[in-house]
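The values are calculated or read from the model by the stated rules, or taken from the named source; none is laboratory data. What you see is a predicted model; the values in this text were computed from it and never measured. Backbone-built Cβ (ideal geometry, glycine too); neighbour counts: all protein chains shown. When the accessible area is computed, the model is the full protein with side chains, heavy atoms only, and any ligands, DNA or RNA have been set aside. Shrake-Rupley method; radii C 1.70, N 1.55, O 1.52, S 1.80 Å.
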Number of protein chains: 2
Amino acid sequence: MTTASEPKRRGRRAGGADTKAVLLDAAREVFIERGYEGATVRAIAAKAGVDAAMVNHWYGSKENLFAQAVLKLPFDPTELVKRLLDGPPEETGERIVRNFIGVWDASGGGPFVALLRSVTSHDGVATMMREFFLNNVFRRITEKLVVDQAELRAALCASQVVGMGLTRYVVRFEPFASADVEVVVGAVGPNLQRYLTGKIG
Amino acid sequence: MTTASEPKRRGRRAGGADTKAVLLDAAREVFIERGYEGATVRAIAAKAGVDAAMVNHWYGSKENLFAQAVLKLPFDPTELVKRLLDGPPEETGERIVRNFIGVWDASGGGPFVALLRSVTSHDGVATMMREFFLNNVFRRITEKLVVDQAELRAALCASQVVGMGLTRYVVRFEPFASADVEVVVGAVGPNLQRYLTGKIG
DNA sequence: GCCGTATTTCATCGTTTGTTGAAAATTAGC
DNA sequence: GCTAATTTTCAACAAACGATGAAATACGGC
């Protein structure tokens with residue numbers, strides 16, 4: 001068996017860097033930049049400074065590497081929802097915008113762009129986005145707010161939030177893409193709030 | 001010269017169908033379904049029922065075929081803008097939603113999905129989306145409405161509209177994806193209207 | 001019916017893709 | 001220092017890609 005679930009590290013390379021981790025970081029970068037199909041195993045290995053065969057040695061396949069590097073959530077959605085619900089209910093929309101833009105901006109929009117860039121070429125990315133945005137985040141929020149049409153409201157919020165990400169990080173509609181966080185909060189927040197607690201009929 | 005800008009049709013094949021046009025339709029379908037990189041010249045030719053070499057014979061390259069089949073607008077933006085502005089200004093948001101959803105639904109979301117599926121793998125798609133949504137549509141609308149922050153308002157509208165498309169056709173957030181057009185109009189229209197003429201500061 | 005051109009077919013080229021297995025290099029345990 | 005396990009390198013594989021050019025076919029003009 002060479003798939004190496006958890007190496008017992010008998011040998012180690014000169015640089016001392018952990019190849020498996022370096023490979024994961026490089027993979028994340030390249031997947032973000034080029035999407036699943038656009039990212040080649042050789043390009044990932046090159047960015048990591050190792051041989052291409054290391055990918056299959058440490059992760060078995062490109063597919064599995066993608067799952068580890070991109071598909072796996074880097075944080076706990078429960079914590080995020082708690083933060084979004086913490087405060088006046090009538091300001092939930094603004095908090096949602098502030099949080100998402102804040103997190104995404106901090107990483108240059110990376111994780112979101114990675115998902116979107118691969119939503120075409122990799123089965124399961126769309127499912128994963130549904131799972132996250134709808135079931136793990138917005139559905140839980142509309143649940144707590146006790147409103148009618150909870151599912152539709154959640155989907156509406158998701159539509160505005162992913163649209164925000166698409167606009168700001170991928171297609172880059174100016175001046176929205178470069179606008180200050182608080183400008184976006186002031187603009188989008190109230191609309192999100194209407195989706196959450198307003199009249200949508 | 002064999003690139004055939006406008007063939008003088010000396011010869012014709014048994015079926016009588018115009019290969020160039022058949023190829024264009026097949027290309028549009030496959031590009032929509034698999035994106036630029038995912039769509040192979042051979043798959044397009046197969047769907048058109050012709051040899052793969054026909055692609056290069058009639059269009060020179062896969063690149064050019066993509067431009068002809070997907071990148072080229074199938075309609076006049078000016079006409080669309082006129083339609084969107086025709087009516088009470090306070091209902092512009094609703095008209096925008098009704099029009100876009102109407103057009104997209106009629107084609108199963110095809111054109112929009114094609115753009116989004118290829119926004120990763122083909123240079124110029126993002127530029128083309130900016131050109132269309134911002135400069136050709138929403139920027140012209142906010143211009144006519146004579147409002148402050150016209151650029152930002154246009155970008156905000158674009159963010160909601162592309163988010164709508166992404167949600168309804170690509171990631172398919174339910175129940176939004178299957179909702180009746182008028183439900184979407186009632187839900188999203190007012191938000192779009194606020195982006196157009198409301199207070200966004 | 002012949003000729004020239006347009007169209008189509010076919011075989012094939014040169015790359016690039018993910019993946020594999022054997023050999024080489026490196027390190028820990030003793 | 002020897003051994004065994006691990007990690008890395010290297011060469012190569014089969015498959016699929018876009019593209020090309022020559023040969024074969026179909027058809028209108030005459």
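Note on B:D76 and B:A21: their simple-model spin labels are 2.2 nm apart, each label 7 Å out from Cα toward Cβ. For chain A, the solvent-accessible area works out to 47 Å² per residue, with a probe of 1.4 Å and every protein chain left in place. Each copy carries a label point for A:A21 at 7 Å from Cα toward Cβ; from one copy, the others' points are 6.3 nm away, ordered from shortest.
Placing unit charges on the Cβ atoms only, positive for Lys and Arg and negative for Asp and Glu, gives the protein assembly as shown a dipole magnitude near 1120 debye about its Cα centre. Placing a label point 7 Å from Cα along the Cα-to-Cβ axis, B:V103 is separated from the same position in the other copies by 3.4 nm, shortest listed first. Chain B packed on chain A takes about 3400 Å² of accessible surface away from a 1.4 Å probe, both sides summed.
Here chain B is described by how far its Cα atoms reach on the three principal axes: 61, 35, 29 Å, from widest to narrowest. Think of each Lys and Arg Cβ as +1 and each Asp and Glu Cβ as -1; about the Cα centre, that makes the dipole of the stretch A:19-71 roughly 60 debye. Comparing B:V103, B:N191, A:A53 along the charge dipole axis of the protein assembly as shown, the residue lying farthest to the positive side is A:A53, per the Cβ-charge model. Computed on chain A, with alpha-carbon pairs under 8 angstrom and 6+ residues apart, the relative contact order is 23 percent.
Closest approach of a chain A Cβ to the axis relating A and B (residue, whole Å): A:G163, 1.
Among A:A39, A:A106, A:A67, the largest mean-square fluctuation in a Gaussian network model of chain A (Cα springs under 10 Å) belongs to A:A106. With the whole protein complex present, A:T127 retains an accessible surface near 70 Å², based on a 1.4 Å probe. Carbon-plus-sulfur accessible fraction, the stretch A:77-197 (probe radius 1.4 Å, protein heavy atoms only): 51%. Between the stretch A:157-201 and the stretch B:63-130, what's the alpha-carbon centroid distance in Å? Here the answer is 20 Å between Cα centres. With the full set of protein chains in place, find how many percent of the accessible area of the stretch A:19-71 is carbon and sulfur; take the probe as 1.4 Å. Summing carbon and sulfur atoms, their accessible area is 50 percent of the total for the stretch A:19-71.
First check a/c for the protein assembly as shown, with a ≥ b ≥ c the square roots of the eigenvalues of its C-alpha gyration tensor; if it is under 1.5, answer rounded, and if not, answer prolate when a/b is larger than b/c or oblate otherwise. Oblate. Inter-copy label distances at A:F132, shortest first and taken from points set 7 Å along Cα to Cβ: 2.6 nm.
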